[in-house]
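Below: the structure, in structure tokens.
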Amino acid sequence: MKKNNILKIKDLSVSYGPIRALKNISLEVNEGEIVVLIGANGAGKTSLLKAILGIQKAKSGNILFLGSDITCKATDKIVNSGICLIPEGHVIFSSMTVLENLQLGAYYNTHDMNKNLKKVFDWFPILRERSNQISGTLSGGEQQMLAIGRGLMSNPKLVMIDEPSLGLAPKIVSEIFNMLIELNKEGYTIILAEQNAKKALECGNRGYVMETGKVALHGTTQKLMNNSKVRQAYLGNSV
């Protein structure tokens, strides 16, 4: 059965002054998928996520979310419509407690805050244990869990996660990716931008390979893992 299209991007271009960060990008995300964006640092992955959220304005092209054009909408309106971005570097409010961080994540959805808080604590039990702890004292992995949990507090229809493995030990990276798979099973649609191509492709359904602001390749993650160019450039010729 064909899944509903949740996000559709057509010929999107973004510039930083004279520099073209994105060049006629087209992609789509279907409901219930994990779609991965892989590519080297500077390939345009973060610029794409920022453009979707309206942080970086499009020079041309269109972004459709749930059938509505959000290309020129303000960021707060886009967030309120059901998109959240979990930025790279497990960004949290380090002087606030774990609970205060999570409550802040419910800014656009206070009505369901207690229900969503229970969900987050069920998914990340360590956050319940540390709910009164100052967030800056958490480990890197716990901070990443908190960043994800805070994003989920808005009960988003589309979760965008930028480089969740950045700066984390391999064991913690595996735990984070397993959590993303479980969240997807719970019904969350996810866009995952990640330099760790092997981990990303292993957990995703479809993928886009980005190079210098363009989509160089796209297809199912299995197809990409079997592609000789992808294997050589991103997987070290082994999977």
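Here are the numbers:
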item: Out-of-range pairs (alpha-carbon distance over 20 Å; input K157/K198; K8/K73; K73/K185; K3/K73); result: K157/K198; K73/K185; K3/K73
item: Stokes-Einstein diffusion coefficient of the range 97-239, Kirkwood radius over Cα pairs, 37 °C, 0.692 mPa s, in µm²/s; result: 201 µm²/s
item: Sequence-separation-based contact order of the chain, relative, with Cα cut under 8 Å and 6+ spacing, percent; result: 26 percent
item: Cross-link reach list, aspartates and glutamates versus K77, counting only Cα pairs under 15 Å and skipping chain neighbours closer than eight places; result: D69
item: nm² value of the averaged projected area, convex hull over the Cα atoms of the range 39-99; result: 5.8 nm²
item: Net dipole in debye of the chain [+1 Lys, Arg Cβ; -1 Asp, Glu Cβ; about Cα centre; nearest 20]; result: 660 debye
item: Enclosed volume per residue, in Å³, of the convex hull spanned by Cα atoms of the range 1-124; result: 154 Å³
item: Extension reserve of the D76-L64 stretch, reckoned as 0.36 nm per residue once the Cα distance is removed; result: 2.7 nm
item: Relative contact order computed over the range 31-112 (Cα-Cα under 8 Å; 6+ residues apart), in percent; result: 19 percent
item: Cβ charges +1 (Lys, Arg) and -1 (Asp, Glu), total dipole of the range 126-239, debye; result: 300 debye
item: Rounded, prolate or oblate (a/c below 1.5 giving rounded, otherwise prolate when a/b exceeds b/c) for the range 164-209 by Cα gyration tensor; result: oblate
item: Eligible aspartates and glutamates near K118 by straight Cα distance, threshold 19 Å, same-chain separation 8 or greater; result: E100, E129, E142, E182, E186
item: Hydrodynamic radius (Kirkwood) for the chain, which is based on Cα pairs only, to one decimal in Å; result: 18.2 Å
item: Separation in nanometres of the label points that stand 7 Å from Cα toward Cβ, at E202 and K57; result: 4.3 nm
item: Cross-link partners of K23 among aspartates and glutamates (Cα-Cα below 16 Å; sequence separation of 8 or more within a chain); result: D11, E211
item: Farthest toward positive dipole pole in the chain [+1 Lys/Arg, -1 Asp/Glu at C-beta], among I161, F65, L217; result: L217
item: Residues H218, H111, H90 arranged by fewest to most Cβ contacts within 10 Å; result: H111, H218, H90
item: Fluctuation leader among T75, T110, T46 - the chain, Gaussian network, Cα springs under 10 angstrom; result: T110
item: Of the DSSP H helices in the chain, those whose Cα atoms cover at least 20 Å axially and whose Kyte score averages 0.0 or more; result: 170-185
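Every read-out reported here was derived from the displayed coordinates using simple, explicitly stated rules and does not represent laboratory data. Just so it is clear, the structure is predicted and the values come from calculations on it, not from any experiment. For neighbour counting, all protein chains shown are included, and Cβ atoms are generated from backbone atoms with ideal geometry for every residue, glycine included.
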